[in-house]
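The values are calculated or read from the model by the stated rules, or taken from the named source; none is laboratory data. Please read these numbers as outputs of a predicted model, since none were measured by experiment. For neighbour counting, all protein chains shown are included, and Cβ atoms are generated from backbone atoms with ideal geometry for every residue, glycine included. Just the protein is used for accessible areas: all its heavy atoms, side chains included, with ligands, DNA and RNA removed. Shrake-Rupley method; radii C 1.70, N 1.55, O 1.52, S 1.80 Å.
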Amino acid sequence: MKIHKYDTVIVGAGGAGMRAAIESTKRSRTAVLTKLYPTRSHTGAAQGGMAAALANVEEDNWEWHTFDTVKGGDYLVDQDAAEILAKEAIDAVLDLEKMGLPFNRTPDGTIDQRRFGGHSRNHGEAPVRRSCYAADRTGHMILQTLYQNCVKEGVEFFNEFYVLDQLLVEEDGVKKSAGVVAYELATGEIHVFQAKAVIYASGGTGKFFKVTSNAHTLTGDGQAACYRRGLPLEDMEFFQFHPTGIWRMGILLTEGARGEGGILRNKDGERFMEKYAPVMKDLASRDVVSRSIYTEIREGRGCGPAGDHVYLDLTHLPPEQLDAKLPDITEFARTYLGIEPYTDPIPIQPTAHYAMGGIPTNVEGEVLSDNTTVVPGLYAAGEVACVSVHGANRLGTNSLLDINVFGKRSGIAAAKYSQENDYVELPENPAQQVVDMVEHLRNSTGKERVADLRLELQETMDACVMVFRTEQTIKTAVEKIAELRERYKNVSVQDKGKRFNTDLLEAIELGNLLDLAEVMAVSALARKESRGGHYREDYPNRDDVNFMRHTMAYREVGADGSDSVRLDYKPVVTTRYQPMERKY
Amino acid sequence: MATPTLEKMEEAAAASPYITVTFRIRRFNPEISDEAQWQDFQIEIDPKERVLDGLHKIKWDLDGTLTFRRSCAHGICGSDAMRINGKNRLACKTLIKDINPEKPITVEAIKGLTVMKDLVVDMEPFFQAYRDVMPFLVTKGNEPTRERLQSAEDRERFDDTTKCILCAACTSSCPVFWNDGQYFGPAAIVNAHRFIFDSRDEAGEQRLEILNDKDGVWRCRTTFNCTDACPRGIEVTKAIQEVKRALITRRY
Ligand SMILES: Cc1cc2nc3c(=O)[nH]c(=O)nc-3n(C[C@H](O)[C@H](O)[C@H](O)COP(=O)(O)OP(=O)(O)OC[C@H]3O[C@@H](n4cnc5c(N)ncnc54)[C@H](O)[C@@H]3O)c2cc1C
Ligand code: FES
């Protein structure tokens with residue numbers, strides 16, 4: 001075991017982690033621990049754009065953006081946070097441009113902007129051009145630009161280090177962060193990083209679904225590490241299903257395709273979104289479009305022999321426009337489906353995309369241990385966190401924005417904290433829990449296999465807690481997950497070595513997914529209403545009287561060592577906007 | 001709205017899509033042996049699936065010790081460059097049907113970088129070369145309050161080289177790099193190009209001097225391996241030629 005000492009440690013090197021690192025490295029001795037090489041992070045897969053009311057191409061302002069964010073989130077958004085997001089969006093985009101990001105340009109040479117779902121002028125009058133973009137590789141450009149600036153600032157990275165435990169120590173009756181424990185992929189060695197401040201920026205948890213736009217490595221490690229140490233997870237029942245994933249594969253085709261004029265059609269060629277969202281049509285918010293697609297499929301208007309998908313039609317758009325604005329996704333259609341989007345429509349289905357919930361934080365990125373108490377020295381930003389700016393449903397282009405705004409804020413706040421505070425003493429045997437977990441898995445002779453359990457989990461999640469949910473389906477999921485968690489105790493790995501043991505790490509990642517799936521299902525079962533991404537067929541309406549509140553899920557450990565999920569609730573911060581019915 | 005391709009595809013999908021394929025993989029694990037060796041695996045796979053899917057089937061169902069990197073699974077993150085049937089490709093962007101599945105499919109680590117285990121190589125020298133070309137925007141004077149202006153044409157000038165995902169497929173396909181690991185390699189030059197030809201940047205001269213070095217662009221022998229290998233379709237050799245020309249004319 002090795003012990004390292006840094007002022008600030010950042011877990012994750014995606015957009016949020018690197019944006020934080022650029023700030024914190026300037027102000028404090030910082031280490032970034034990342035399980036992937038920074039440029040492999042899934043921020044690089046983001047396509048469509050990043051929202052900011054620059055008003056470069058038409059009238060726009062941050063207040064309209066705030067409203068759209070709140071409405072898009074079905075009023076579960078904390079409005080103070082959404083206002084910060086929308087206001088600071090403008091500088092966040094300009095910062096990136098100054099760092100070198102090659103945005104697409106208008107004829108005047110300013111940053112070009114395009115339409116995106118749920119973003120409107122003047123509180124829903126008509127779609128507005130708010131998304132700043134670089135073709136359909138905006139996330140790639142953000143990730144590259146941030147990495148380039150990390151190189152420039154001399155940020156210190158520990159690549160292929162997996163953080164597996166969060167150290168919390170009680171001092172004067174207050175739980176404080178003392179550091180993290182990490183596993184080094186290359187050697188199998190365990191490292192303790194003592195730090196005054198820790199920032200989680202470890203991304204989402206989409207891999208508990210089968211059809212997903214998320215990378216294999218998005219397994220919710222940060223959420224799980226904090227949850228196991230008794231910290232709450234907020235709003236985990238809210239997961240976004242993006243309408244346009246490649247049929248059966250889940251690879252994303254950006255909403256920008258509809259922003260450029262793409263149309264969804266059923267097997268009769270009908271533009272069905274006109275029925276469900278007369279004003280915004282194909283550009284209604286994602287939960288609305290995903291439900292509409294499944295309604296078409298269920299009512300027998302789906303395409304193909306099994307009627308299990310619909311079409312994204314780009315054939316009426318000029319090939320030059322597709323080449324200039326959507327080069328990557330048209331290539332995905334060619335590579336993975338053998339389809340030419342100039343002439344043929346692309347088969348799509350909703351794909352599990354984004355975790356609205358996560359580690360609860362305030363607007364400085366400080367992690368909360370209950371509804372109000374801050375954990376000194378602990379921060380979170382990006383998809384791992386829940387501020388909550390996305391509420392029950394995130395608007396497209398608001399996440400690349402979130403990682404930049406709250407990545408920067410948490411980087412500054414954490415560095416300030418480490419300048420002003422001392423180290424918290426490490427607990428005795430700080431690495432014990434990780435050592436035990438790793439040794440247990442390495443030595444286990446159990447008969448269960450990781451791949452089997454993971455597939456069963458994914459199939460259960462797809463079938464039971466996706467776009468449509470009922471008491472019945474969620475209960476099925478809860479039971480199945482309990483069974484899988486039990487069987488997980490008998491999981492063994494074939495690779496017993498130390499060097500690059502990805503077999504072992506996949507087993508650990510599965511453990512994280514199982515814990516988080518349980519939290520999600522239990523949270524979803526208790527929310528007897530429909531709101532944003534959480535749609536209950538048995539409770540099809542939003543219920544502001546009983547459920548206008550955030551879910552807070554805690555892990556409870558019983559006397560016999562068994563654990564369960566305990567739910568509590570937190571009020572929503574409402575400032576300007578009173579809840580209204582959501583229409584698009 | 002025409003649907004011909006799709007109907008064909010769906011008909012094909014209705015019949016059993018699975019075929020038996022042999023993967024012949026170059027295994028190496030110094031914890032077990034200093035020698036690398038080839039190992040064959042037979043799997044059932046739909047030819048429309050990716051080589052990466054095949055590797056997963058092997059790892060998940062047959063041999064958990066098989067080790068490779070991967071993340072996004074759709075050609076964006078640059079994790080899984082490997083030599084497939086003797087050519088550098090991304091495993092997640094190569095479909096089984098496109099590489100003659102009747103014969104064994106050979107898979108081995110990319111060349112020129114030290115193999116750590118099976119298909120995993122040491123990427124550090126590759127990233128070091130990248131960091132050495134100053135891969136970041138350098139500007140002088142006061143920051144503007146709004147964005148810097150750039151015309152669409154100026155933006156287009158370096159578009160091709162912004163697409164790089166640092167997968168190392170190009171660099172590790174280059175015979176000059178195989179013989180001399182000191183050579184910067186195509187990927188580093190591509191990333192220098194991305195800034196040299198960016199109208200906002202003011203450090204072109206410095207970067208050109210770095211690449212004028214004995215291990216710089218002049219080592220390139222224009223074999224075009226890199227251009228063929230690039231999974232992002234970047235015209236790598238052309239970018240290197242443009243850097244060479246800029247060094248001669250000092251115009252860019
Ligand atoms: C296909 C796709 C397209 C998208 N398009 C858009 C878009 O157009 N606009 C938009 O706003 N949003 C979009 N999103 C959402 C947005 O891209 C993501 O929410 C956002 O990029 C997440 O960034 P992040 O920094 O939080 O996490 P990531 O970029 O996922 O980074 C996570 C980091 O954490 C590290 N990590 C994870 N676990 C550990 C561990 N245990 N130890 C150490 N390190 C760890 C990883 O190595 C990685 O560096 C898209 C998402 C997807 C999947
Ligand atoms: S896994 Fe990301 S490029 Fe292949």
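What the table shows:
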read-out: Peptide B:56-65 - average C-beta neighbours from other chains (10 Å radius); value: 5
read-out: Rounded FRET efficiency, nearest 0.05, which uses the C-beta distance separating B:VAL138 from B:ARG245 and R0 of 25 Å; value: 0.70
read-out: Taking chain A and dividing mean pair separation by its residue count, relative contact order in percent (alpha carbons under 8 Å, at least six apart); value: 21 percent
read-out: Contour minus Cα-Cα distance for A:ASP422 and A:VAL573 (0.36 nm per residue); value: 51.1 nm
read-out: Per-residue ³J(HN,Hα) for the range A:109-123, Karplus 6.51 cos²θ - 1.76 cosθ + 1.60, θ = phi - 60°, Hz, x for Gly and Pro; value: x, 7, 5, 7, 9, 9, 6, 8, x, x, 8, 9, 8, 6, 6
read-out: Hz values of 3J(HN,Hα) by residue in the range A:321-329 - Karplus curve (6.51, -1.76, 1.60), Gly and Pro given as x; value: 5, 4, 5, 7, 9, 10, x, 6, 6
read-out: Beta bridges per DSSP with both ends in the protein assembly as shown, % antiparallel, nearest 5; value: 70 percent
read-out: Residue-averaged [θ]222 nm for chain B, counting only DSSP H segments that reach four residues, each worth -39500 (n - 2.57); value: -8500 deg cm²/dmol
read-out: Solvent-accessible area per residue, Å², over the protein assembly as shown with all protein chains present [probe radius 1.4 Å]; value: 34 Å²
read-out: Interchain or long-range residues, amide H under 5 Å from A:ARG105's placed H; value: A:ASP112
read-out: Length-normalised contact order for the range A:247-397 - Cα pairs under 8 Å, 6+ apart - percent; value: 21 percent
read-out: For the range A:542-549, 3J(HN,Hα) per residue [Karplus equation, 6.51 cos²θ - 1.76 cosθ + 1.60, θ = phi - 60°, Hz, x = Gly/Pro]; value: 6, 10, 6, 5, 9, 10, 7, 7
read-out: Apportionment of accessible area to carbon and sulfur, the protein assembly as shown, percent (1.4 Å); value: 48 percent
read-out: Coil-residue trypsin sites (Lys or Arg not before Pro) of the range A:377-461, DSSP, other Cβ within 10 Å capped at 11; value: A:LYS447
read-out: Summed buried accessible area for A+B [probe radius 1.4 Å, Å², rounded to 100]; value: 6200 Å²
read-out: Under-5 Å amide H pairs with A:VAL310, H placed in peptide plane, nonlocal only; value: A:CYS303, A:ILE348
read-out: Cα gyration tensor category, rounded, prolate or oblate, for the protein assembly as shown with a/c compared to 1.5; value: rounded
read-out: Residues in the range A:24-54 occluded by at least 10 Å² - accessible area, probe radius 1.4 Å, against chain by itself; value: A:LEU36, A:TYR37, A:THR39, A:ARG40, A:HIS42, A:GLY44, A:ALA45, A:LEU54
read-out: Chain-alone versus full-assembly comparison, the range A:98-128, residues with accessible loss of at least 30 Å² (1.4 Å probe); value: A:LYS98, A:GLY100, A:PRO102, A:ARG105, A:GLY109
read-out: Cβ-isolated cysteines (cut-off 4.7 Å), chain B; value: B:CYS92, B:CYS164, B:CYS167, B:CYS174, B:CYS220, B:CYS230
read-out: Nearest 10 degrees, 0 to 90: helix A:502-526 Cα axis against chain A principal axis; value: 60 degrees
read-out: Chain B, relative contact order in percent, only Cα pairs under 8 angstrom and at least six apart counted; value: 17 percent
